[in-house]
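Chemist: Okay, handing you the structure first.
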């Protein structure tokens, strides 16, 4: 009885791990980084996009101050802003990650913009992105390239 | 007895306050349906029949607004170098079309590029092949696109980037026209499909 209960519990723990196999999760200090994804590009002329979920499990605020990746010469943080129905994409100098909260870089809001691509991003591949945090320091996360018509990370948001 | 009076007077006070707030909102035009009406009536050329522009489709066909009169149409502005908003709008539209089912066959769907410098018919065709095949891309010379932008009264701004490249700010709403060519409504970028789809149905159903 106890054995099957334990087996059941083991299975319950295993399942999410299997589901998340394609989605790297990295923790550093108080931060848990997950669901890093991008969309496939057509060639290298257009900027690519970078989305990720950051959970701050600690009691002190942190700040995402920039991103770096070998696939793009000019990666930047941007925010899609709507003003009187007009969409613009100003540069975000940093993104606040308050204590105890989850911040998502997601379609229609904050996102990384990967300009001057070094290579075409192909569906099914992945590439590393280093997130630079004010307190936690640099954190590298493997970013999944999804089809151009993807809406969200294949693994869903971080728990 | 005293307690009852207190409750009754509190209710009275609250209703009076609510009434005042409602009148205030009405007068200031803050109510959602007032804003919607102002948005639709504020558009200078809210009638396809009276517009004059010509664009080229991603299949290299010349298109004018009069060609669209006779069936309901959905028009939005964007560009293929846009990494965040435009894929999202294209995906939203694909989702609306799926939810509409066979009714969507009576709807013509057009993306007008705000970036004719880079979005040639071939570039549009290549990009749109990744999305719902019912979406037609339209482009033209910079002057032709400027005429269409003016006719729809949308805002387009070319924003230079530090590295010499540029991006475009643009109106992100989705315009819906009825079969008679008149504007039916506008769907906001962040609008829930449960509101967007009925707006499309309304544009499809309302005649003249």
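Taken together, the values in this text are just the output of simple stated rules run on the coordinates, not laboratory data. Since the model is a prediction, treat every value here as computed from it, not as a measurement. Glycine gets a Cβ as well: all are built from the backbone with ideal geometry, and neighbour counts include every protein chain shown.
Chemist: Zone of residue A:60 (label point 7 Å along Cα→Cβ, backbone N under 16 Å): which residues in region A:87-102?
Modeler: Taking a point 7 Å out along Cα→Cβ of residue A:60, the residues of region A:87-102 whose backbone N falls under 16 Å are A:97-101.
Chemist: Sort A:87-97, B:171-181 by the packing proxy (mean of other Cβ within 10 Å over each peptide's residues), most packed first.
Modeler: Top to bottom by mean Cβ count within 10 Å: B:171-181, A:87-97.
Chemist: Starting from the Cα of residue B:129, step 7 Å along the direction of its Cβ; do the same at residue A:123; then give the gap between the two resulting points in nm.
Modeler: Here the modelled spin labels are 1.2 nm apart.
Chemist: Let me ask something additional. Per-residue Cβ counts within 10 Å, from other chains only, averaged over A:73-85: what number is that?
Modeler: Working: counts 1, 4, 0, 2, 0, 3, 1, 7, 1, 7, 2, 3, 10.
Partner Cβ neighbours, averaged per residue: 3.
Chemist: While we're here: Calculate the mean, over all residues of peptide A:105-113, of how many other protein chain Cβ atoms lie within 10 angstrom of the residue's Cβ.
Modeler: 3
Chemist: When N counts the residues of region A:23-146, how does its alpha-carbon radius of gyration compare numerically with 2.2 N^0.38 Å, as a ratio?
Modeler: The reported ratio for this selection is 1.02.
Chemist: Then there's this: Highest mean first, what order results for A:101-107, A:25-31 on Cβ atoms within 10 Å?
Modeler: Numbers: A:101-107: 18.9, A:25-31: 16.4.
Most protected by this proxy first, the peptides run A:101-107, A:25-31.
Chemist: So, one more: Which value in nm describes the separation of the simple spin-label points at residue A:79 and residue B:98, placed 7 Å from the Cα toward the beta carbon?
Modeler: For the pair residue A:79/residue B:98, the computed spacing is 3.1 nm.
Chemist: For labels at residue A:142 and residue A:154 in the simple 7 Å Cα→Cβ model, what's the distance in nm?
Modeler: 1.2
Chemist: For region B:99-189, what is the percent of antiparallel DSSP beta bridges, rounded to the nearest 5?
Modeler: 70
Chemist: Continuing with this model, one more query. Taking a cut-off of 26 Å, what percent of all Cα-Cα pairs in region B:80-208 are separated by more than that?
Modeler: Counting every Cα pair in region B:80-208, those more than 26 Å apart make up 23 percent.
Chemist: Is there a simple number for the mean count of other chain Cβ atoms within 10 Å of the Cβ of residues in A:45-52, and what is it?
Modeler: 3
Chemist: Based on other C-beta atoms within 10 Å, arrange B:162, B:99 from fewest to most.
Modeler: B:162, B:99
Chemist: Full-extension gain between residue B:158 and residue B:117, please, as 0.36 nm times their residue separation minus the C-alpha to C-alpha distance.
Modeler: Result: 13.6 nm gained on full extension.
Chemist: Starting from the Cα-Cα distance between residue B:105 and residue B:165, subtract it from 0.36 nm times their residue separation and give me the gain in nm to one decimal.
Modeler: Values: separation 60, 0.36 × 60 = 21.60 nm, distance 3.88 nm.
Going from the current span to full extension adds 17.7 nm.
Chemist: On to the next question. Packing-wise, with mean Cβ within 10 Å as the measure, how do B:182-190, B:70-78 rank, highest first? Please report the intermediate quantities before stating the final value.
Modeler: Details: B:182-190: 18.1, B:70-78: 22.2.
Output ranking for B:182-190, B:70-78: B:70-78, B:182-190.
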